[in-house]
Every structure is written in structure tokens, then in C-alpha cells.
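Okay, so here's the structure we're looking at.
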Amino acid sequence: MSTVQDMLEAKGKEIWSIEPEKTVYDAIAMMADRHVGALTVVESDKLLGIVSERDYARRVILEERVAAETLVRDIMTSDPIVVSSDDSVDHCMALMSQNRIRHLPVVDGADLVGIIAVDDVLRAVIRDQSNELEALESLIKNEEGGSG
């Protein structure tokens, strides 16, 4: 069973963060530039929250705010649900499903060490299942060869 650490090693540990006093426009521009759907919100190396495209859609567009005038702190999700490097893929999948979220910051102790998205979890599940299938196929082949 894969862990969060395995997912971070597969995707890379690069973290895209923004400060809470930046504008939502800055956040959306950074997301577009980095091809990500969420940013961690960090101040003085402390995780304060997470801001996503979904936050933008619900708290800026639908509320008819102006992205260039609205601050990230005004729309971010404060105190986000987090996981640690040793958490399992199944745990992450359960958290994402139960809370209807697509991104999980990874925190070890007090340190932000990464962020995983739902597609990272899905890739890990597929990789785990593929490995299990290969192991079963190998076992069957070995049993067939030995009973001949």
C-alpha cells in the first residue's frame, strides 16, 4: 500500500504557495502559470490555509467580487485538513471523499512538505492495483509451472 511519501516522490515535492495579503487575481494567475488547481497559503513559513479554483468560483465569481481587489485571506479555506508523509493512500482517499475536497497539504510536525491532489491519489491507487495484479499473475504462473 502506497503512502503520501510515495506519492510525493512520484510527483515531486514542489509546493506552490501564496501569501494571504496577495490578491485573488495573483493566486489565479499563479495557478494558471503552474498548472495547478490550488495553492497553500503561507505566512512566515506557517500554513494558514489553502486557496483553490473552487474557492475562486464560489467566493469571488458567484459573490460578484473583483479578483484584483479581493485578498486571498478573504476567500481561502483556513485550517485545512492535512495529512502526513506516512499516511496511506486509502486514508487520503477517504478524507477527500468524506470532505469533498481535492487537495491535501502534507505536514510533518510543523513543516509543510508538499501537497497532493486527487489525481495523485488516483494514480497511486492504479499503481498499487497494477502491482497487485502483476504479483498475482506471477504467483499463478509459478503455480502452473510447478504442477506440470
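The values are calculated or read from the model by the stated rules, or taken from the named source; none is laboratory data. Note that the structure is a prediction, hence the values are computed from the model and not measured. Cβ: placed from backbone, ideal geometry, glycine included. Neighbour counts: every protein chain shown.
Need a quick list: helices (runs of 4 or more DSSP H) entirely within region 1-91 having at least 3 residues that are aliphatic (A, V, I, L, M) and surrounded by 17 or more Cβ atoms within 10 Å (Cβ to Cβ).
Of the helices (runs of 4 or more DSSP H) lying wholly inside region 1-91, those with at least 3 residues that are aliphatic (A, V, I, L, M) and surrounded by 17 or more Cβ atoms within 10 Å (Cβ to Cβ) span 4-11, 24-34.
One residue is enough: does region 3-19 have a residue meeting the conditions in contact with a helix residue (DSSP H, G or I) (Cβ under 6 Å, 6 or more places away or on another chain) and of a type in the set (Val, Ile, Thr)? Scanning region 3-19, I find at least one residue that is in contact with a helix residue (DSSP H, G or I) (Cβ under 6 Å, 6 or more places away or on another chain) and of a type in the set (Val, Ile, Thr), so the answer is yes. Scanning region 97-108 for residues that are surrounded by 17 or more Cβ atoms within 10 Å (Cβ to Cβ) and farther than 17 Å from Val36 by Cα yields a single hit, Val107. All of Ser97, Ser78 fail the test of being of a type in the set (Ser, Thr, Tyr) and farther than 30 Å from Ala135 by Cα, apart from Ser78.
Of everything in region 1-41 that is among the acidic types (Asp, Glu) and over 19 Å from Val60 (Cβ atoms), the residue that is nearest to the chain's Cα centre (by Cα) is Glu14. Of all the residues in region 75-103, those that are modelled with pLDDT of 95 or more, touching a Gly at 6+ places or on another chain (Cβ under 9 Å) and closer than 22 Å to Arg54 by Cα number 6.
Among the residues making up region 10-36, a single one is touching a Phe, Trp or Tyr at 6+ places or on another chain (Cβ under 7 Å) and of a type in the set (Lys, Arg): Arg34. One residue alone among Leu104, Leu95, Leu112 is closer than 30 Å to Ala29 by Cα, out of contact with any helix residue (DSSP H, G or I) (no Cβ under 9 Å at 6 or more places or on another chain) and part of a strand (DSSP E or B), and that residue is Leu112.
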